[in-house]
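*Asks:* I'd like to ask you about the structure that follows.
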Amino acid sequence: MGRVAFRTTNSARLVLISLFGVLALSVVLAEQEGENLSGLSNNPDKAIFAVRENGTTCLMVEFAVKFLVPYDVLALNGIDLITEQASFTLPRSAEIEGKCGSTESEIHISWKNNAYTLRIYFSEEVRDKGTEVWKVSKVQFVYDTSETSHFINAYNPGKHTASTHRLSALVTPTGRSYVCAAQQTLTLISSDHQKGVTVSMYDVQIQPFDIASDFMFSEPYKCITDQRERLEETLPLILGFILGLIIVITLTIYHFHLKLTATQPQLPRDRSMYKNM
């Protein structure tokens, strides 16, 4: 009986080991990797990043990003602190990581040996009348003020994290990509004495879910700002066309009026002439 129990225990262990092996294999098979495609863009300020799962694109971002980060420096008197502003852009050579899910996705963009990391989180939700949309639900920016290429003579240098709070940005119908040429600005609150860090994105095209073709965005959904600017551009043309049409119609009516009055018999305006008729 002892040998039977020992064999049963060993069999159970083998089953568990095999099960863990299958789970580990499934994790490997579902491996997600980031790719930097910025070389495909002719715009030197624009970066293109993709996250792929099992060799298929599941998240893509294409944009130019500018950061404005306040930090403290010591005044000349050696006592007071002065707030300076570090301004820099997202480099095209950044490294990419990300995760894709059915309702939540994220992308992490790092550069300068992880001195800077931009994290963007996406989520899907159902809104009024059953409308399904995706949105940017959170943005985080980690920066190191001891990195001297942007932060010069920073007081008490170190790493800080700036984050949004209850964000719902770039709301887009599911299955479509968000497109916006206009600047989109977010203000993040930093762990460095609650300073406000500004993240500005422009020339944006993003899709975190439901990418039908590899490395290809789905049907674009233009932002309201672009739609308004396009209307402002086309409105003078439309008004000019309407005004021209009104002028043509007026001239046509006047021309027909002249023709009609020319064919009618002319009656004498002087009443004394009626006596001779």
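*Asks:* Residue check: is Thr198 of a type in the set (S, T, N, Q) and more than 23 Å from Pro220 (Cβ to Cβ)?
*Replies:* Values: of a type in the set (S, T, N, Q): yes; more than 23 Å from Pro220 (Cβ to Cβ): yes.
Considered against the rule, which asks whether it is of a type in the set (S, T, N, Q) and more than 23 Å from Pro220 (Cβ to Cβ), Thr198 comes out as yes.
*Asks:* Could you give every pair whose Cβ atoms fall below 9 Å, whose first residue belongs to region 201-216 and is under 15 Å from Asn54 (Cβ atoms), and whose second residue is open to solvent by 60 Å² or more (accessible area, probe 1.4 Å) and not hydrophobic (A, V, I, L, M, F, W, C), counting only separations of at least 6 or pairs across chains?
*Replies:* Ile211/Thr56; Asp214/Thr56
*Asks:* Something else now. Taking region 72-81, which residues are exposed (fewer than 11 other Cβ atoms within 10 Å of the Cβ) and either part of a strand (DSSP E or B) or among the hydroxyl-bearing types (Ser, Thr, Tyr) (or both)? First the steps, then the outcome.
*Replies:* Filtering region 72-81 down to residues exposed (fewer than 11 other Cβ atoms within 10 Å of the Cβ) leaves 76-80.
Across region 72-81, there are no qualifying residues.
*Asks:* Next question. For region 45-58, state whether one or more residues are under 30 Å from Asn156 (Cβ atoms), out of contact with any Gly (no Cβ under 6 Å at 6 or more places or on another chain), part of a strand (DSSP E or B) and in contact (Cβ under 8 Å) with a residue 60 or more places away in the chain. First the steps, then the outcome.
*Replies:* Of all residues in region 45-58, those under 30 Å from Asn156 (Cβ atoms) come to none.
So far as region 45-58 goes, no, none of its residues is under 30 Å from Asn156 (Cβ atoms), out of contact with any Gly (no Cβ under 6 Å at 6 or more places or on another chain), part of a strand (DSSP E or B) and in contact (Cβ under 8 Å) with a residue 60 or more places away in the chain.
*Asks:* From (1) open to solvent by less than 80 Å² (accessible area, probe 1.4 Å); (2) modelled with pLDDT under 90; (3) charged (D, E, K, R), pick out the condition that doesn't hold for Arg230.
*Replies:* The number of the failed condition is (1).
*Asks:* Please verify whether region 82-104 includes one or more residues that are open to solvent by less than 40 Å² (accessible area, probe 1.4 Å), among the charged types (D, E, K, R), in contact (Cβ under 8 Å) with a residue 24 or more places away in the chain and part of a strand (DSSP E or B).
*Replies:* Within region 82-104, the first condition is being open to solvent by less than 40 Å² (accessible area, probe 1.4 Å), and the residues that meet it are 86, 88, 90-91, 94, 96, 98, 100-101.
When the remaining residues are screened for being among the charged types (D, E, K, R), the result is none.
No, the conditions are met nowhere in region 82-104.
*Asks:* Return yes or no: is Val69 within 25 Å of Thr148 (Cα to Cα), aliphatic (A, V, I, L, M), under 23 Å from the mean Cα position of the chain (by Cα) and open to solvent by less than 20 Å² (accessible area, probe 1.4 Å)?
*Replies:* Values: within 25 Å of Thr148 (Cα to Cα): yes; aliphatic (A, V, I, L, M): yes; under 23 Å from the mean Cα position of the chain (by Cα): yes; open to solvent by less than 20 Å² (accessible area, probe 1.4 Å): yes.
So Val69 passes the test.
The values are calculated or read from the model by the stated rules, or taken from the named source; none is laboratory data. All of these numbers come straight from a predicted model, not from anything done at the bench. Cβ coordinates were reconstructed from backbone atoms using ideal geometry, including for glycine residues, and neighbour counts include every protein chain displayed. Accessible surface areas use protein heavy atoms only, side chains included; no ligands, DNA or RNA. Shrake-Rupley method; radii C 1.70, N 1.55, O 1.52, S 1.80 Å.
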